[in-house]
Amino acid sequence: MTDQPVYKRILLKLSGESLMGDKEFGMDVDAITRLAQELKELVDSGVQVCVVIGGGNIFRGIAGSAAGMDRTSADYMGMLATVMNSLALQDALENKMGLQTRVLSAIPMPTVCEAYIRRRAVRHLEKGRLVIFAAGTGNPFFTTDTAATLRAIEMNCDVIMKATQVDGVYDADPKKVADAKRLDKVTYEDVLAKNLKVMDASAVALARDNNLSILVFSQHEKDALQKAVRGQGKFTLVGKREE
């Protein structure tokens, strides 16, 4: 354990629901402000931070498809929802926290944000700016989990930090099984073989193939992000099998 960050460059994967607060839909300004404060403290500690946010608080593409929409159209709508969430977080970071932030979208929309260019994104990070990647991969049929993994690899991040409803990965659903056990470490292979709910299978496989660790922690616990970056608190680390 250490008071210093153990990771120099991270990608934080958030669900769109993390911006809702106590609401059932949309965004909660207080929840976004609290998140912005945590991120500001993280950047101030010297950590280079990228963020990918889902869009489920506004529109979920797979749900639209299930309701009869064309899957491609529904997925593009979901991508636009992630842009809205990214702009909301950027506003809180810049206007309330004074932190320089850049939103880079996989779907070019120069009126509201920059188009994603890998070298430009790396340069933003090197200059101490927080970078938010929006619009997923820019392609339908790929989740924001996969987009987060892809961007983390492209940015040469040390780890993906996946904020979830619980404080790690369990051997069973802790909401349904009273004695479910939290795992401190788990391999990519176990996540895929046992269908543990970490990220979707394509994202986990991509992380495995590029030896990128995934750290799973609770988005509800106070200072959980700060502790996890320092190797403290409760979390599960997904990685390769130890020899």
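Rule-based calculations on the coordinates, nothing more; no lab input. If you're wondering where the values come from, they're calculated on a predicted model, not measured in any experiment. Backbone-built Cβ (ideal geometry, glycine too); neighbour counts: all protein chains shown.
Say we look at segment 101-145 and pick out the residues that are among the charged types (D, E, K, R) and part of a loop (DSSP other than H, G, I, E, B); which of these is surrounded by the most Cβ atoms within 10 Å (Cβ to Cβ)? For segment 101-145, the residue satisfying everything is Arg129. Would you mind stating whether Ala147 is hydrophobic (A, V, I, L, M, F, W, C), under 16 Å from Leu12 (Cα atoms) and in contact with a Cys (Cβ under 8 Å, 6 or more places away or on another chain)? In short, no. When Gly231 is tested against (1) out of contact with any Asp or Glu (no Cβ under 7 Å at 6 or more places or on another chain); (2) touching a residue at least 24 places away in the same chain (Cβ under 8 Å); (3) under 24 Å from Ala147 (Cβ atoms), just one condition goes unmet, and that condition is (3). Candidates in segment 9-22 are the residues that are in contact (Cβ under 8 Å) with a residue 12 or more places away in the chain and not in a strand (DSSP E or B); of these, the one that is nearest to Gln219 (Cα to Cα) is Ser18. For Gln219, state whether it is surrounded by fewer than 18 Cβ atoms within 10 Å (Cβ to Cβ) and polar (S, T, N, Q). No; evaluated as a whole, the condition is false for this residue. Looking across segment 23-40, just one residue is without any contact (Cβ under 8 Å) to a residue 40 or more places away in the chain, assigned to a helix (DSSP H, G or I) and small (Gly, Ala, Ser), and that is Ala31. Counting only residues that are buried (at least 21 other Cβ atoms within 10 Å of the Cβ) and in contact with a helix residue (DSSP H, G or I) (Cβ under 6 Å, 6 or more places away or on another chain), segment 33-46 holds 1 of them. Could we say that Ala224 is touching a Lys or Arg at 6+ places or on another chain (Cβ under 8 Å), of a type in the set (Gly, Ala, Ser) and surrounded by 14 or more Cβ atoms within 10 Å (Cβ to Cβ) here? For Ala224, the condition - touching a Lys or Arg at 6+ places or on another chain (Cβ under 8 Å), of a type in the set (Gly, Ala, Ser) and surrounded by 14 or more Cβ atoms within 10 Å (Cβ to Cβ) - is met. Just one residue in the set Asn85, Asn95 is surrounded by 13 or more Cβ atoms within 10 Å (Cβ to Cβ) and polar (S, T, N, Q); that residue is Asn85. With respect to the conditions (1) outside any loop (DSSP other than H, G, I, E, B); (2) under 22 Å from Asp145 (Cα atoms); (3) among the β-branched types (Val, Ile, Thr), Val43 lacks only one, and its number is (2). Within segment 54-96, the set of residues being farther than 18 Å from Phe25 by Cα, part of a loop (DSSP other than H, G, I, E, B) and either touching a Gly at 6+ places or on another chain (Cβ under 8 Å) or in contact (Cβ under 8 Å) with a residue 24 or more places away in the chain (or both) comprises Lys96 only.
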